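K.L.:
Got a structure here, written out as structure tokens. Questions coming.
Readers should treat all values here as calculations from the given coordinates under stated rules, not as data from a laboratory. Treat the numbers as computed from the prediction; the structure is a model and nothing was measured. Every residue, glycine as well, gets a Cβ built from its backbone with ideal geometry; the counts of neighbours run over all protein chains shown.
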Amino acid sequence: MIQLELREDVDPVCPHCEKVLRTVHYQELSGFFGKRYVYFCPGCRAALGFSHRKGFWMG
């Protein structure tokens, strides 16, 4: 199992433009079966990830 460790002394870096990420932008993706979100770098606007939220009836 991988152990989690809280680190507040370092900032994450965008894997695309290599700038320090102090904020992450997001945009809502609406669909027939619920909402999802795309997270992206505010500097280069490259996608960092997507939410995996299930539809409204699945919780």
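K.L.:
What tally of residues in the range 19-53 results from selecting those that are more than 16 Å from the chain's Cα centre (by Cα) and either part of a loop (DSSP other than H, G, I, E, B) or surrounded by 13 or more Cβ atoms within 10 Å (Cβ to Cβ) (or both)?
P.N.:
3
K.L.:
I'd like the full set of residues that are surrounded by 10 or more Cβ atoms within 10 Å (Cβ to Cβ) and either in a loop (DSSP other than H, G, I, E, B) or of a type in the set (Ser, Thr, Tyr) (or both), limited to the range 1-17. Spell out how you get there, then give the answer.
P.N.:
The first filter runs over the range 1-17 and keeps only residues surrounded by 10 or more Cβ atoms within 10 Å (Cβ to Cβ), leaving 11-17.
Within the range 1-17, Asp11, Pro12, Cys14, Pro15, His16, Cys17 meet the criteria.
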